[in-house]
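The values are calculated or read from the model by the stated rules, or taken from the named source; none is laboratory data. Everything numeric here is computed off the predicted structure, so don't read it as measured data. FYI the Cβ positions are ideal-geometry reconstructions off the backbone, even for glycines, and counts take in every protein chain you see. Ligands, DNA and RNA are excluded from the accessible area calculation, which covers all protein heavy atoms including side chains. Shrake-Rupley method; radii C 1.70, N 1.55, O 1.52, S 1.80 Å.
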Amino acid sequence: MKKKVLSVLLAAAMMASLAACAAAPAAAPAPAAPAGDSGEAAVAEAPAEEAGELVDGKFAETRTITVEIYDRGNDGGSDPENNDYTRWIQQQMLEKHNVEVKYQKVPRWTEVDDINNLLAAGTAPDVCVTYSYPTVQTYADMGGVIDLAPYLETYKDELPNLWNWLGETNLYWDRDPSTGNVWAVEAKLANMNRVVTFIRQDWLDALGLEAPTTKDEFYQVICAFRDNAEQLLGADADKMVPYSVSFDVGWRAATLIESFLDPAMSDKEYYVNGFDDRKLTQNGTKEAVRLLNQWYNEGLMWNDFAIYSSGDTTEDDMMKAGYVGAFSHNWDYPFRNGEDSINANLKRLVGEDAKFVAIDPFEDRNGTHTKFLAGPVDRKVFFPSTNDEPLASLLYLDFISEPETIQYLQIGEEGVTHTVTDSGAISIQAATGDAIQNSGMNIDYTITCNGLHLMSDELTVKSLAYTYAGIEPELVEQADAIAKTDSRIGVNVQTGNIEAEAGIGDVLSSKRDQIYDQAVSAPVDKFDETWDNGISDYLASGGQAIMDERAAAWEATYGDTDMLP
């Protein structure tokens, strides 16, 4: 009955919120009316169970929980709900805690829409995962998310691994400073590497070119790729793509964009303009996109980049086939997926020398390569109010955060998914069948950890370069070093809930992508008009209200201070 009543309330509130968005696109919509005061709900939902129900960490009677798992739709992958890793977790959770674990698939590339639908219907898993905190906040405002603060404190002694791994930093990263509510805990980035640019080393060699180290050198190289397409691709010269980014320009071209930002930007400026993590409204972004627009109009970029959205494999297929000269992406992207990695396909299809290598060509105004990182946070883990087993769910997070669990899920069984080198490093090897990891280092199961985290720091450092099956370790080491160069780690700004952000994240994200895509592909003489009109619409649709409220919240919390310790 609880789930049925809540789903009706949430659906009604969601419809009201969507109606407000449709009726008044020129202003930020008001937050949806909550199903009940969130503060009162948090008190009412305070831990009713006693830790004394546990004997040696186990429930006397079996409890059952459902856990969200991403379905990446990998060709030849394992069933995300039923494989070697899910069965191992399920067995361990029964033995340790007498908790039965079931998995519920959510498509990775539409996860925000899908988790929205599940929450509105009251059928969301007990343990939910999302990259979108505004989604969590929206449903928290509706009374649809459990406040984890009292549970984390009450059961702290029962959750040593969770507390040791995430600590107060990640557990309380999103805590509201005025109410103390914790609607989600932040997974920890064990490796904070983000975006790197890659280039075809064999093409550089074929043309007698050095790896570019500046924007101008990069431009000259991709011009050379374009102008020598017949030499490099022969009969496939018309398929040449000198430089590729996808529709998600703000993410993929991140290091280029950030090279146009002020490396000494204040924390306040970064926060006020930073609702959009793709840097859309940061000072300097327009000029970065102007450069991309120039390259696009000179035939240096993938002409059709804007028409292929999340989950589409067209771009990857072009890279694997050998048609792409350079691209910017996640720091380890060409090394992922074992035998189906981009570099492995290049080697098979093009030749032994064909490979992408990491470069760092986008200098900032200081001649350095500042990379703006959000902080040691990753996915947001939360419990919907339909969760009737919060303690069992927390015990799941504790088990998932245990060092031995993280290591096993990341490297699997020796001889099946990894070997041990003479130096003691873990070397990942391609797996088959139910041992296949559908995500790098199994991050879809290690939901509180993203990045290699083995039993010791020494083993982790030693093994990182060997964790990509079939990839030369030195390529990984080079990409890792570049990703860590001149990084600026963001501070945790805790100003409380920004009401203007509620229910508007998806709308603004869609507008953001359209602005980037249309501005990059506009005729050169239409660039300013296209960009300025898009930004005006973005600001009028809620962006400006968010920035104004963020500025006021900063000043109310931190006063005249522009930088935080």
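List, in order, the whole-Hz ³J(HN,Hα) value for each residue of the stretch 249-262 obtained from phi through the Karplus relation with A = 6.51, B = -1.76, C = 1.60 and θ = phi - 60°; use x for Gly and Pro.
4, x, 7, 5, 9, 4, 5, 5, 4, 5, 5, 9, 8, 6
Of 156/188; 58/188; 188/371; 58/102; 156/279, which pairs sit farther than 29 Å apart, going by alpha carbon to alpha carbon? Intermediate values should be presented prior to the final figure.
Numbers: 156/188 18 Å; 58/188 27 Å; 188/371 19 Å; 58/102 18 Å; 156/279 37 Å.
156/279, as the Cα separations exceed 29 Å there.
Considering only protein heavy atoms and a 1.4 Å probe, what is the carbon-and-sulfur percentage of the accessible area of the chain?
49
Compute the orientation-averaged projected area for the stretch 384-533 from the convex hull of its Cα atoms and round it to one decimal in nm². Write out the running numbers ahead of the final one.
On the way: hull surface 61.1 nm².
So the Cα hull casts an average projection of 15.3 nm².
Once amide H atoms are built 1.01 Å from N in the peptide plane, which residues 5 or more positions from residue 100, or in another chain, come under 5 Å H to H?
63, 64, 65
Relative contact order, percent, of the stretch 256-349 when contacts are C-alpha pairs under 8 Å separated by at least 6 residues? Walk me through the intermediate numbers first.
On the way: 55 pairs, mean separation 17.9, N = 94.
Computed value for the stretch 256-349: 19 percent relative contact order.
So what are the radius of gyration and Dmax for the Cα set of the stretch 47-167, in Å?
Rg, Dmax (Cα atoms, Å): 16.0, 46.
Out of the stretch 160-237, which chymotrypsin sites (Phe, Trp or Tyr not before Pro) are coil in DSSP terms and have no more than 15 other C-beta atoms within 10 Å?
Values: sites: 163, 165, 172, 173, 183, 198, 203, 218, 219, 225; in loops: 172, 173, 183.
In loop regions of the stretch 160-237 (DSSP not H, G, I, E or B), there are no sparsely surrounded chymotrypsin sites (Phe, Trp or Tyr not before Pro).
Taking a ≥ b ≥ c as the square roots of the Cα gyration tensor eigenvalues, with a/c under 1.5 meaning rounded and otherwise prolate when a/b beats b/c, else oblate, which class fits the stretch 200-248? Numbers along the way, then the final one.
Numbers: a/c = 2.07, a/b = 1.12, b/c = 1.86.
Since a/c reaches 1.5 but b/c is at least a/b, the shape of the stretch 200-248 is classed as oblate.
What list of ³J(HN,Hα) couplings, whole Hz, do you get for the stretch 134-148 from phi and the Karplus terms 6.51, -1.76, 1.60, once you set θ to phi - 60° and write x for glycine and proline?
x, 4, 4, 4, 4, 6, 4, 5, 8, x, x, 9, 6, 6, 7
P(r) for the stretch 411-453, please, calculated from all Cα pair distances in 10 Å bins and given in %.
28, 52, 20, 0
Just the number, please: Stokes-Einstein D of the stretch 239-390 in µm²/s, Kirkwood Rh from C-alpha pairs, 20 °C, 1.002 mPa s. Kindly include the intermediate steps, with their values, before the conclusion.
Numbers: Rh = 17.6 Å.
Translational diffusion coefficient: 121 µm²/s.
Find me the longest stretch of the chain that has none of the exposed GluC sites (Glu not before Pro), where exposed means in a DSSP loop (not H, G, I, E or B) with at most 14 other Cβ atoms within 10 Å.
Working: sites that count: 50, 61, 81, 210, 298, 352, 413.
For GluC sites (Glu not before Pro) (loop position, at most 14 other Cβ atoms within 10 Å), the longest site-free span of the chain is 414-565.
Once the mean 1/r over all distinct Cα pairs of the chain is inverted, what Kirkwood radius in angstroms do you read off?
Working: mean 1/r = 0.0400 Å⁻¹.
Hydrodynamic radius (Kirkwood, Cα pairs) of the chain is 25.0 Å.
Over all alpha-carbon pairs of the stretch 269-311, lay out the pair-distance distribution in 10 Å bins, whole %, shortest bin first.
Values per bin, smallest distances first: 24, 36, 33, 7.
If I take every Cα pair under 8 Å that is 6 or more residues apart in the chain, average their sequence separation and divide by the length, what percent do I get for the relative contact order?
Values: 1007 pairs, mean separation 129.3, N = 565.
So the answer I get is 23 percent.
Considering only protein heavy atoms, what is the solvent-accessible area of residue 307 at a probe of 1.4 Å, reported in Å² to the nearest 10?
About 120 Å², rounded to the nearest 10.
Using a 1.4 Å probe and counting only protein heavy atoms, arrange 365, 290, 348, 200 so the residue with the most accessible area comes first.
Working: 365 160, 290 75, 348 130, 200 5 Å².
Accessible-area ranking of 365, 290, 348, 200, largest first: 365, 348, 290, 200.
Along the stretch 95-105, what does the Karplus equation 6.51 cos²θ - 1.76 cosθ + 1.60 (θ = phi - 60°) give for ³J(HN,Hα), rounded to whole Hz, x for Gly and Pro?
These are the phi-based 3J(HN,Hα) values: 5, 7, 10, 6, 10, 8, 10, 10, 10, 10, 6 Hz.
Have a look at the stretch 472-565 and give its Rg and Dmax from the Cα atoms, expressed in angstrom.
Rg and Dmax of the stretch 472-565, Cα atoms, are 18.7, 52 Å.
Arrange the residues 279, 188, 102 by how much accessible surface each exposes, largest first, with a 1.4 angstrom probe.
Solvent-accessible surface, decreasing: 102, 188, 279.
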